[in-house]
Amino acid sequence: MNSKVLRIIGALIIASMLLSLGCIQDNKKLDGNTGSTVDINPQNNDSSVDTTPSNPSQDDEFTSILDQTIVDVEIKDFAFSPSKIIVAKGTTIAWTNKDAATHKIMVNDFLSGNLNQGTVFKYVFDDVGTYEYYCTLHPSMKGTIIVQ
Ligand SMILES: [Cu+2]
């Protein structure tokens, strides 16, 4: 009987030691948790990054103009408007320069002349495809035409 009691007491002592060790390990884990709070900030940054691409995707929306044989695109304030359009095969795009500055369009390997203020440049899209164009004088000016 006594030996059983001693074994139980011994087991309780060992168990309490293990528990105390466990507490120490938990404390270390808590220390690790304080370190992991640093990781929360990058996660917040990631979430902010995730919201950022959704904004350009809204800007990436195309204007569908499939019922016109001639579609006007304004060149104004060093930008094409609308800059991204979907048109039907055979559509003529007519760019009109509303800027005081001269622009020059490179589209489908075709280079327009100098487009002074008020000048209209027309190009007929007879083939289905995606055409990215830009101003050779101001390469940041870009537009895309999808021909269906
Ligand atoms: Cu330009």
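Other residues with beta-carbon under 13 Å from the beta-carbon of I105 carry, at +1 per Lys or Arg and -1 per Asp or Glu, a net charge of -1. For region 63-147, the alpha carbon convex hull comes to 74 Å³ per residue, rounded to a whole number. A cut-off under 13 angstrom between Cβ atoms defines the neighbours of T96, and their net charge, with Lys, Arg +1 and Asp, Glu -1, is 0. Phi-derived couplings, Karplus 6.51 cos²θ - 1.76 cosθ + 1.60 at θ = phi - 60°, listed residue by residue for region 71-76: 10, 8, 10, 7, 10, 9 Hz, with x used for Gly and Pro. Among beta bridges identified by DSSP and lying wholly in region 63-147, the antiparallel ones come to about 60 percent. The HN-Hα couplings worked out from phi for region 120-137 by the Karplus form 6.51 cos²θ - 1.76 cosθ + 1.60 (θ = phi - 60°) are 10, 10, 10, 9, 9, 9, 8, 10, 5, x, 10, 10, 9, 10, 7, 8, 5, 7 Hz, whole numbers, x standing for Gly and Pro.
Collect residues whose amide H, placed 1.01 Å from N in the peptide plane, falls under 5 Å from the amide H of K142; neighbours closer than 5 in sequence don't count. HN-HN under 5 Å from K142: F80.
Read-outs throughout are calculated quantities, based only on the coordinates presented, and are distinct from any laboratory measurement. Remember, it's a predicted structure, so these values are computed and weren't measured experimentally. In this analysis, Cβ positions are derived from the backbone assuming ideal geometry, glycine residues included, and neighbour counts consider all displayed protein chains.
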